[in-house]
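Values in this text are rule-based calculations from the coordinates and carry no lab data. Remember, predicted model here, so these are calculated numbers, not experimental data. In this analysis, Cβ positions are derived from the backbone assuming ideal geometry, glycine residues included, and neighbour counts consider all displayed protein chains.
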Amino acid sequence: MRKKGSKLFLGLFLLLVFLICMVPMLWMLVSSLKTRRELLTNPWGMPKTLQWGNYVKAWEKADFPMLIRNSVVITGFSVLFMLILASMIAFAVTRYHLASGRAVLAYILVGQTISLGMIIFPVVMLLRKMHLASGHAGLILTYIAGGLPFAVFVMQGFFAGIPHELYESAEIDGANEWILFSKIALPLAKPSIAAVMLFQFMWVWNEFVLAFTVIRDKANRTIIVGLYSVVNGVLATDYVTAFAGTVIVCLPIIAIYLLFQRYLIQGLMTGAVKG
């Protein structure tokens, strides 16, 4: 009975946390389907008629096709190269037990302790001197460098748990290091790769400070910066359309999370335990 009671209490607590997290999202969704008058006079009520035109207006005012294209390019290349570099580094560090490998790992993981606010101005100045501040390349390189510590930390914990007997048996069959990495290590590390991809996708897609500071050209803005600029300009008092735009921004994150959420806990927990 005591065990059942503790499980019931834990379930109710988790349900309460879930409801607390969902209330703002549901309120934002409901508000995006109201008229401006309904939102101001009855903010907690349901709309009498669903105003799908708010989404059309937000799509046109914010120029979402351009913003989505920019964010997809920046997020896609950032996460892709982040995964490639992190997986190679994690494989090398765990495969070869060298003092230099441990030093490289420690050097990379130190980056996890550095706050963005401490380095944002040096990063911006460096990118401008390299003439990379106006396009996507500078932001992509910054995201890759900023995401490597977390990605390497998770992946090296997973790679460390792969038995070396698998590598030895493959080497006997004539496999080289590239085969060991691509045919053995990577397939076994799919949960950790999916977990890293999900976390880094959400971070890059939602990142605002660097994107707002680095990119000054309106045509290269990310979706978060573009929505912020429009909300503070054209939609400064059009709250329902601003809510609709916010919902549009959240949809890709929700879709990616639903696709990969089964790998999330598995990848993080396995990597943490094996590390």
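For the chain, excluding the exposed loop sites themselves (chymotrypsin sites (Phe, Trp or Tyr not before Pro), DSSP loop, at most 13 other Cβ atoms within 10 Å), the longest remaining stretch covers 97-207.
Between helix 136-159 and the chain there is an angle of about 50 degrees, using the helix long axis and the longest principal axis of the Cα atoms. Taking trypsin sites (Lys or Arg not before Pro) across region 1-81, the ones in a DSSP loop with at most 10 further Cβ atoms lying within 10 angstrom of their Cβ are K48.
Which residues does a label at V104 reach in region 174-197, if reach means a backbone N under 18 Å from a point 7 Å past the Cα toward the Cβ? It comes to 177-182, 185-186, nothing else. When volume of the Cα convex hull per residue in Å³ is calculated for this entry, the matching label among [x] 129; [y] 191; [z] 142 is [y]. Mean-square fluctuations from a GNM of the chain, with a 10 angstrom spring cutoff on Cα atoms, peak among I84, I224, I119 at I119. Build a GNM of the chain with springs between Cα atoms under 10 Å apart, and of G117, G45, G11 the one that fluctuates most is G11.
Across the chain, the mean sequence separation of Cα contacts (distance under 8 Å, 6 or more residues apart), normalised by length, yields a relative contact order of 31 percent. Using only side-chain charges placed at the Cβ, +1 for Lys and Arg and -1 for Asp and Glu, the dipole size of the chain relative to its Cα centre rounds to 920 debye.
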